[in-house]
1. Answer with yes or no whether B:G40 is closer than 27 Å to A:E340 by Cβ, at the interface with another protein chain (Cβ under 8 Å from one of its Cβ atoms), more than 16 Å from ligand 3 (Cβ to nearest atom) and surrounded by 22 or more Cβ atoms within 10 Å (Cβ to Cβ).
2. Report those helices (runs of 4 or more DSSP H) wholly inside the stretch A:483-565 carrying at least 3 residues which are more than 14 Å from every other protein chain (Cβ to nearest Cβ), surrounded by fewer than 19 Cβ atoms within 10 Å (Cβ to Cβ) and at pLDDT 95 or above.
3. Which of the strands (runs of 3 or more DSSP E) contained wholly in the stretch A:1-70 include at least 2 residues that are at pLDDT 95 or above and buried (at least 18 other Cβ atoms within 10 Å of the Cβ)?
4. Please state which one of A:V586, A:V616 is crowded, with 23+ Cβ neighbours inside 10 Å, within 36 Å of the chain's Cα centre (by Cα) and touching a residue at least 24 places away in the same chain (Cβ under 8 Å).
5. Looking at (1) part of a loop (DSSP other than H, G, I, E, B); (2) in contact (Cβ under 8 Å) with a residue 40 or more places away in the chain; (3) within 16 Å of ligand 1 (Cβ to nearest atom); (4) surrounded by fewer than 19 Cβ atoms within 10 Å (Cβ to Cβ), find the lone condition where A:L606 falls short.
6. Condition first: away from ligand 2 (no atom under 15 Å from the Cβ), touching a residue at least 60 places away in the same chain (Cβ under 8 Å) and closer than 30 Å to A:L253 by Cα. Now tell me which residues in the stretch A:106-147 satisfy that.
7. Can we say A:R69 is without any contact (Cβ under 8 Å) to a residue 24 or more places away in the chain and among the basic types (K, R)?
8. What is the one condition in (1) under 23 Å from B:D86 (Cα atoms); (2) touching a residue at least 24 places away in the same chain (Cβ under 8 Å); (3) more than 7 Å from chain A (Cβ to nearest Cβ) that B:D47 does not satisfy?
Amino acid sequence: MSEKLVVIGNGMAAGRVLDHLLERDPARYAITIFGAEPRVNYNRILLSPVLSGEKTFAEIVTHDEAWLRAHAIDLRAGVTIASIDRAARTVTDSTGATTAYDKLLLATGSSPVIIPVPGADLAGVVTYRDLDDVEAMLAAARKGGRAVVIGGGLLGLEAAAGLAQQGMATSVVHLMPHLMERQLDAAAGYLLKGAMEARGVEVLTRANTKAIRGEGARASGVELEDGRFLPADLVVMAVGIRPNAALGKAAGLTVNRGVVVDDEMRTNDPHVFSVGECVEHRGQCYGLVAPLFEMAKVVAARLTDDPAPRYEGSFLSTKLKVTGVDLFSAGDFADGDDREDVVLRDAARGLYKRLVLKDDRLIGAVLYGDTGDGAYFFDLIKSGANVSDLRETLIFGQGFTNAGGGDPNAAVAAMPESAEICGCNGVCKGAIVEAIAAKGLTDVNGVRAHTKASASCGSCTGLVEQLLALSLGEDFQKASVEPMCGCTDFGHDDVRRLIKAKELKSIPQVMQDLHWKTSCGCAKCRPALNYYLLCDWPQDYEDDGRSRFINERVHANIQKDGTYSVVPRMWGGLTSVKELRAIADVAEKFNIPTVKVTGGQRIDLLGVKKEDLPAVWGDLNAAGMVSGHAYAKGLHTVKTCVGTDWCRFGTQDSTGLGVRIEKFMWGSWTPAKVKMAVSGCPRNCAEATCKDVGVICVDSGYEILFAGAAGLHLRQTDLLCKVATEDECLEIIAALTQLYREQGRYLERMYKWSARVGLETIRAQVVADAPRRKALFDRFVLSQKTAQIDPWAERAQGKEAHEFVPLKPVLAEAAE
Amino acid sequence: MNARAQDFIDVGALEDVPLRGSRILRSPAGDVALFKAADGHVFALRDECPHKKGPLSQGIVHGRSVTCPLHNWVIDLASGAAQGADEGCAQAVALKVENGRIFVDARALAPAHG
Ligand code: SRM
Ligand SMILES: Cc1cc2nc3c(=O)[nH]c(=O)nc-3n(C[C@H](O)[C@H](O)[C@H](O)COP(=O)(O)OP(=O)(O)OC[C@H]3O[C@@H](n4cnc5c(N)ncnc54)[C@H](O)[C@@H]3O)c2cc1C
Ligand code: SF4
Ligand code: FES
C-alpha cells in the first residue's frame, strides 16, 4: 500500500475506474476521493426515475459506506479541490488542506450550461445535474403550480416528464424546430412531441428564451423572444453541458473544450489521468455513460501497468428514459446521396423506424415506438458488418416476423369511420364502407351512384378506391394515381383530403401519417405540402420558408445573374406622383439598372442586389407601397381600364372595382398564380377574357368570367355567371378563389383545375348553392386575416435578416 | 493550433446558418455558399451551379441536396455533383466544425493568384 492515488470527482466515471482497478489489483493504491457532492456515489442517469417518483435515492446508490470501508477508501464527501500543484504532486481542497499523490485521476464531469439571459440567477431557476437539483424540483412540485423547462433534449424532456408526473403543469421550451434534434430526425421528433403532449407536457418548439422574469427575488415566468410569456413557479434550464476542465487548465494541463487525453487516457502530465465527461479525446467530448465505461477500463489498465487496452473513441446510442416512450437512436442518421434510407412507418401503431445504409453497411438507426431491436442494430453499426443479404427484411428487425409495413392502404385503414372522405357531398368513411358491403359495390361508379362520394369534383376518387381495395381485397383493381413525387405513393388529391380528414397540421406530421418514403421530402413535395397546410389551417399552421421556392422565401424574383426584381403593388394599375417619385428615388439611390413597365400595369425594378432588398422595401413602404407578389403562387395583378371615370364607353366603375378586388384579395396564397382584370365594357381593354378571373362590366351589371390564360397556353375564359352589384361580384370571386385554393393541385393554374373538375361542378357550388358560397367566402375572409401582412414591411424591419446579410469571416487574430 | 488558424478561417457560428437553409460568404474569390442540412450537417460549395452558374445558396435544401433556383438541377451538398441525368459538378469547399464554429478552407476565400 505504498502508492497514493487521488481521485477528483466522485461521479460515474470515477466509480467505474475504481471498480476495475480494485478488480485488477486491490492492494496497489491508497485511495482518496474528493467529491464536491456531500454524499456517496450514485447512478446519475437514474435521477429521472427519482424525480418521477419511480425510484428512491437509496435504490440508485452504486458505492455505499460499506464498500468504502471494505476497500479502505477515504471519501471526502462535500470537499471540492481548489487547485493542483503538479510540480509538488499535491492537491489543495476548499478547506485549505493539502494532499499528496503519486497518481492523480481527474474525473470532474461537466456542469450544466446556464444561458445568460436576464433573470437566470433568480431563486426558482434550477439546472438538472445532481441530487440537489432533483430535491429542489421535488420541493417545488410539492407546492404544485407551473414549471417551464428550457431545452427539449434528453435531460429537458426527462425533467419535464418527471415534473408533470409530480403534478406540475409543465411546458418545454425548445429553440429548434423539433425535439432532441441531435439524436432524432424530424419525423421521430414529431412523434415524440405527440407523446410528451399525451403526458400533459406542453411543447413549444422554435421558442427562444429572452428573459426570466421575477417577482422580488423569485422567478415568476419565462419571456420568449416572440413576446409570449409563460408563467412559472419553477424554471429548469437543461440546455446542454460544459466539461469541467477549469481545474485542469489552471494546473497547466492541455485543455481545449475538455482536458485533452491520448488513447491511454493520459493528460500531457504522465502522472495525471483524466476520465469521463471532463475529457476531450481526439477532439470529441462525450455526454453519455457508454464512452466513460470504455475509458474507465483503459485507465484501470494503465494504473496497473497493463499497456494493452487503448481507448479509440466511441459510437453512441441514446435512449430516452420516459416511462412509456420508446425511443432509440444510434450512429449517423443524416441524409446523403451516398446513403440509402430504409424507412418503415406504421401510423396506426405509432411506429417509425429508419435505418441508414452506406456501402452495404448500417451506419445509423432511429427507432420510435418499438425499440426492441435497438441493440441488434447498434451491434451491426459497431461491427460494420456487410448487410446486403439482410437488406430486404433488415428493418423488421432480428426476429423478422410478419410486420406488415409499406402498405399504401394503411393510412386510410387507420382513419376513423367518421372521417369525411368526400368534401363536396359530405360523405364519411363509414357510409362508404357500409354501402360497399350492403350493396355489393365493386367500383367507383357504384360508390358514386349510391353515396354521391367522388361524384362532384372527384378529388376524393383515390380515397374511395382505397376504401374499395380495403373492403374487397385482391378483387379490386384500382386505376393508378400519379404520385406527388418520388417521396410518396399518394397523389395530390389524396394528400389534400387526408390532411383535412386526419387533421394533419405540420409537414413532419403529414410525412409520418402518410408514410413518406424519405425523411424530409424533396423540392417538389415540400412546397406543395407547405401550401396545402397553409390553406387548410390558416390559423394554426406556421409557414415554413425553407419549403418555399426562393422567390417566395425572399419576396422578390430571382434573375439569371442572381440579382432580384422588385415589383410594388399599384392597385388596379393606378399610381400617383408620390409613388412614382419614391420609385425614381429608390432606383437612383440603389443604382437599380432597369426600370420597366410590366405587362401587368405596374413597374418592375430589375437588378436589385439581394443585400439591398430590405432597404429598398423600407423606402417603398415609406411611400405607402407594398409587395406586388409578382413572385407568388398567389394573387398577382388586377388590371383595370379607365371605365366610367373617363371613358366615353364605360358602363361601370371598372377601375374602382378592380382596386376593391385587389385590396380585398392581395396576399392570398393559391395553388398557382392568379391574375385578374376588370374591363368597363365589352371592348375589354383590360384583357379580362384571358385572365384567371375577369369581369366585364355591362349596363345591367357584371359578367364574371374565369379559367382563362395567355401564357404557355392561350385560353379564353368561360362565363361563370352574371350579377347585378359589386358586392355580389366580390362574394362570387372570393368564393371561386377559395374553392380553387381548396381543390387545386399545387402548380395547377385555375384553367386546368376547372378542366379537371368541370365548369358545371364549380358553378353549382359557387353560384347555385348560396350557403356553400357563403361558407367558402367566410373561409376566404378568415384566411386573409393571417395572409394580409406585407412581407416587405416585415423584412424591412429585420425579419429573416440572415437571408439578406452575408456571413463575415472572423479575422485571423480572433480565430485563435 | 497555428497551422489551423492559417489554413482555415472562422466564418461564423453553427447557429448562423439556418436548418435546411444557407448563408452566403462573400470573398475576393467569389461567393461561397454554406448549407445546413435537416440533420444539422454543414457543407460549403462555391455558389455557382455547374449548369448556368445559378446561385445554389438560394435553392431549397432537402436531404443532403440542394435544388438550384434557376433550372432545378439537384446538387449533392457533399460532393457538389449534379444528381440524376444532369452532368456537372459545383466546386466543394473544405470546411470543419469545431466548438460550434464553422471554419472554411482559407484558400477558397483568397483571390486566385496568377
Ligand atoms: C415582368 C413581367 C414581364 C414584363 O416585363 O412585363 C413578367 C415577368 C415574368 N413572368 Fe410573366 N411577366 C409579366 C406578365 C405576364 C403576363 C401578362 C399579364 O399578366 O397580363 C403573362 C400572360 C398571362 C398569363 O399569366 O396567363 C405572363 C405569363 C407568364 C408565365 C406563363 C404562365 C402560364 O401558366 O402559362 C410564366 C411562367 C410561370 O408562371 O411558371 C411567367 C413568369 C414570369 C417570371 C416570374 C419568370 C420567373 O419565374 O422568374 C418573370 C419574372 C420577371 C421579374 O423578375 O419580375 N409569366 N406573364 C410581367 C409582370 C406583370 C406584373 O406586373 O406582375
Ligand atoms: C438527469 C440525468 C440523466 C442522464 N441520463 C443518461 C442516460 O440515460 N444515458 C447516459 O448515457 N447518460 C445519461 N446522463 C449522463 C451521465 O450521467 C453522465 O455522462 C455521467 O454521469 C458522467 O460521469 P462523470 O463521472 O464524467 O461525471 P459526473 O457523474 O458528473 O461526476 C463528476 C463529479 O465530480 C464532482 N466534481 C467536479 N469538480 C470537482 C472538484 N473540483 N472537486 C471535487 N469534486 C468535483 C461533481 O460534483 C460530480 O459529482 C444523464 C445525466 C443526468 C444529469
Ligand atoms: S373598355 Fe373600352 S370602354 Fe371600357 S373603359 Fe376601356 S376603353 Fe373604355
Ligand atoms: S443554373 Fe442551376 S439549374 Fe440552371
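The values are calculated or read from the model by the stated rules, or taken from the named source; none is laboratory data. This is a predicted model, so every value here is computed, not measured. Positions of Cβ are backbone-derived with ideal geometry, glycine not excepted, and every protein chain shown enters the neighbour counts.
1. Details: closer than 27 Å to A:E340 by Cβ: yes; at the interface with another protein chain (Cβ under 8 Å from one of its Cβ atoms): yes; more than 16 Å from ligand 3 (Cβ to nearest atom): yes; surrounded by 22 or more Cβ atoms within 10 Å (Cβ to Cβ): no.
Judged against the criteria, B:G40 is not a match.
2. Those helices (runs of 4 or more DSSP H) do not exist here; none qualify.
3. Qualifying strands (runs of 3 or more DSSP E): A:3-8, A:29-35.
4. Numbers: A:V586 fails: within 36 Å of the chain's Cα centre (by Cα).
Sole residue among the options that is crowded, with 23+ Cβ neighbours inside 10 Å, within 36 Å of the chain's Cα centre (by Cα) and touching a residue at least 24 places away in the same chain (Cβ under 8 Å): A:V616.
5. A:L606 satisfies every listed condition except (1).
6. A:I115
7. Values: without any contact (Cβ under 8 Å) to a residue 24 or more places away in the chain: yes; among the basic types (K, R): yes.
The answer is yes for A:R69.
8. Single failed check for B:D47: (2).
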